[in-house]
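Here is the structure we will look at.
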Amino acid sequence: MSVPFSGTLRRSGGIVSAIGKQLKSINLKGVKRITLQFDPFAENVKSTREFFFLLSTPKVIQTNPKCVVKSDIVCDRQAASIKFALIDSAQEQAKVKEIRFNSGNLNTLELLELCNKHVSSLAPPEEVTNKVLTKAEKQKLGGGSKKALKKK
């Protein structure tokens, strides 16, 4: 008698692929300013520094080029914190002016998950823009060219 198979056929991608997946879904359109405050000599600051690096990647910056990312490096032995100052429409939606994470005991993946859960969800919906049609597409939609209309 054999034991039936249960589980996945392949292994998961691990922590790196999970971070990449969370990083793809970050949207900073609802944020005016991000302030990271940390003590570089504290024990649990590595994840906050990694999060700061991930926020400064070009793909994340493209979600809101007007968003200012600022780091405050202090030497006061306080736990690291991340503060997101929201735009007006996001403030009305969330009924708060800013979102603050105390990131002292969180790892990088947890910070990204919290950012997606609480910050990316406040991004205003994208406006649909009209697509510019080519002549061929206009003819298909219009049913003919100018010459065909003149003959009628």
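Read-outs: derived from the displayed coordinates by stated rules, not from any lab. What you are looking at is a predicted structure, and each value in this text was computed from that prediction instead of being measured. Backbone-built Cβ (ideal geometry, glycine too); neighbour counts: all protein chains shown.
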**Asked** What net charge is computed for the residues neighbouring Arg77, neighbours being all others with C-beta under 15 Å from the C-beta of Arg77, Lys and Arg scored +1, Asp and Glu -1?
**Response** -4
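Count charges around Lys46 for me, please; just the other residues with Cβ under 14 Å from its Cβ, Lys/Arg as +1, Asp/Glu as -1.
Working: positive: Arg49; negative: Asp39, Glu43, Glu50, Glu110.
It works out to a net charge of -3.
What translational D, rounded to a whole number of µm²/s, comes out for the chain from Stokes-Einstein when the hydrodynamic radius is the Kirkwood one over Cα pairs, at 10 °C and 1.306 mPa s? Could you put the intermediate results ahead of the total?
Details: Rh = 19.0 Å.
Roughly 84 µm²/s, to the nearest whole number.
Of the peptides 75-88, 98-111, how do they stack up when ordered by the mean number of other Cβ atoms within 10 Å, highest first?
Values: 75-88: 15.7, 98-111: 17.2.
In decreasing order of mean packing, 75-88, 98-111 become 98-111, 75-88.
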**Item:** Under 20 Å from the Cα of Lys117 - aspartates and glutamates, other chains or at least 8 residues apart
**Value:** Glu50, Asp88, Glu92, Glu98, Glu126
**Asked** What list of ³J(HN,Hα) couplings, whole Hz, do you get for segment 42-49 from phi and the Karplus terms 6.51, -1.76, 1.60, once you set θ to phi - 60° and write x for glycine and proline?
**Response** 6, 6, 9, 9, 4, 5, 5, 5
**Asked** Taking +1 at the Cβ of each Lys and Arg and -1 at the Cβ of each Asp and Glu, which of Gln62, Cys115, Phe41 sits farthest along the dipole of segment 15-125 towards its positive end, judged by Cα position relative to the Cα centre?
**Response** Gln62
**Request:** Could you give the size of the charge dipole of the chain about its Cα centre, using +1 on the Cβ of each K and R and -1 on the Cβ of each D and E, expressed in debye and rounded to the nearest 20?
**Result:** 1680 debye
**For segment 15-125: relative contact order, % (alpha-carbon pairs under 8 angstrom, 6 or more apart)** = 41 percent
